[in-house]
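Structure incoming, see below.
Quick note: the coordinates plus some simple rules give every number you see, no bench work behind them. Given the structure is predicted, the values throughout are model-derived calculations rather than measurements. Positions of Cβ are backbone-derived with ideal geometry, glycine not excepted, and every protein chain shown enters the neighbour counts.
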Amino acid sequence: MGNMESLKIVSKERLERLAWLAKIELSEEEKREFLEQLNEILKAFKSIDELQLENIEPTFHAIEIFNAFREDLIKPSLNQKEALSTAKKSKDGFFIAPKIV
């Protein structure tokens, strides 16, 4: 991008400092690619930052979201002995399952 030079936000020196802080080594080709990508990303954020949003109501979600609460109801269920009656293995009132790892 020829126009990228005039829009640089992150310099090569700053990128090298960031790489040093992150303890990563970058080749010259990687530095060139990352500089271009970082500056494109920051340029996009700059365009968002320039939007006039004073009259826009802040929102946390793009659509209205509501919790669907319900009353807790006690329903008939199996007791421990009935629940374990079909288990292949159980011990001390708990199911025993095969190890996965």
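Across every pair of different alpha-carbon atoms, what Kirkwood hydrodynamic radius in Å does segment 6-50 reach?
Numbers: mean 1/r = 0.0903 Å⁻¹.
Value: 11.1 Å, from the Cα pair sum.
I've got another one for you. Please list, in chain and number order, the residues 5+ apart from Ser90 or on another chain whose amide H is under 5 Å from its amide H, with Hs placed from the backbone.
Residues meeting the amide H criterion: Ile96.
Using θ = phi - 60° and the Karplus curve 6.51 cos²θ - 1.76 cosθ + 1.60, what whole-Hz ³J(HN,Hα) does each residue of segment 18-30 get, with Gly and Pro shown as x?
Once rounded to whole Hz, the list reads 4, 5, 5, 4, 7, 6, 10, 9, 10, 6, 4, 5, 5.
Can you give the FRET efficiency to the nearest 0.05 for Ile24 and Val101, using r as the Cβ-Cβ distance and R₀ = 25 Å? Please list the in-between numbers first.
On the way: r = 32 Å, r/R0 = 1.26.
Efficiency, from the Cβ-Cβ distance: 0.20.
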